[in-house]
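Before any comments, here is the structure.
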Amino acid sequence: MKTPGPTLLLIRHGETDWNAEGRLQGQRDIPINAKGRRQAARNGRALGDYLASLGRTADQFDWTASPLSRARETMEIIRAEMDLDPNAYRPDAQLKEICFGDWEGSTMQEMREIDPVGRAERKKDKWGFAPPNGESYEMLSARIRPWLLGLERDTICVAHGGITRVTRGMLEDIPGHEIPIVMIPQDRIYVWREGRAEWI
């Protein structure tokens, strides 16, 4: 894709207990934990410093988030750290995490017992495999593409690991088979600006 387009600052929600346990969250509405709140606060301070370094102000950006509570609380902490109204952002249902369907709530270790055939299939093709009643990363990428192509303003977005993976894949032309294993930290901010990527 590699088109300059609007500036995008994409932030993964803070840690949840299920993240710490390695459970597949998908679209289950799991809250962030104490560590996640510290990560969100750190990202709020880093974001404030970064915008100041560019000579930009918060009102020059569109602020949006996944409607899941872990993303919303992360956004509200970030905005509070910047002395902004915590609730002055738009939830967007397009930004919900990848759906793991019947696998949600389980760890991959547990899936070895629950669905060994599915787990083996996923191991062979993490990009194309969809759990029962769930999405593949390929399907998620198709879901997010209209959102990404439709951005008209510089945007600050709080979403999820899967959303950030497929967004990076489209912006940076990452091969599909590599996208599901791209590491997405919860204490850094992904920046796409002037056709280049960086982390702050």
Worksheet entry | Test: LEU148 is outside any helix (DSSP H, G or I), at pLDDT 95 or above and not acidic (Asp, Glu) | no
Worksheet item: If you take the residues in region 13-43 that are surrounded by 16 or more Cβ atoms within 10 Å (Cβ to Cβ) and of a type in the set (A, V, I, L, M), which one is farthest from the chain's Cα centre (by Cα)?
Response: ALA41
Discussion item. Regarding region 153-170, can at least one residue be identified that is over 20 Å from the mean Cα position of the chain (by Cα) and touching a residue at least 12 places away in the same chain (Cβ under 8 Å)?
Written reply: no
Discussion item. All but one of (1) touching an Asp or Glu at 6+ places or on another chain (Cβ under 8 Å); (2) of a type in the set (Gly, Ala, Ser); (3) in a helix (DSSP H, G or I) hold for GLY134; state the number of the condition that does not hold.
Written reply: (3)
Item to complete: With the condition kept exactly as written, say whether any residue in region 93-114 is acidic (Asp, Glu), surrounded by 19 or more Cβ atoms within 10 Å (Cβ to Cβ), within 26 Å of ASP49 (Cα to Cα) and more than 14 Å from the chain's Cα centre (by Cα).
Response: no
Discussion item. Among the residues in region 44-66, are any in a loop (DSSP other than H, G, I, E, B), modelled with pLDDT of 95 or more, hydrophobic (A, V, I, L, M, F, W, C) and buried (at least 22 other Cβ atoms within 10 Å of the Cβ)?
Written reply: no
Worksheet, complete the sentence: So, first residue over 12 Å from ILE77 (Cα atoms) in region 37-66, second residue charged (D, E, K, R) and not in a strand (DSSP E or B), Cβ within less than 6 Å, six or more apart or across chains; the pairs are PHE61/ASP154; ASP62/ARG153; THR64/ASP92; ALA65/ARG72; SER66/LYS96
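The values are calculated or read from the model by the stated rules, or taken from the named source; none is laboratory data. Just so we're clear, the structure is a prediction, and the values are computed from it rather than from any experiment. With ideal geometry, Cβ positions are generated from the backbone for all residues, glycine too; neighbour counts draw on all protein chains shown.
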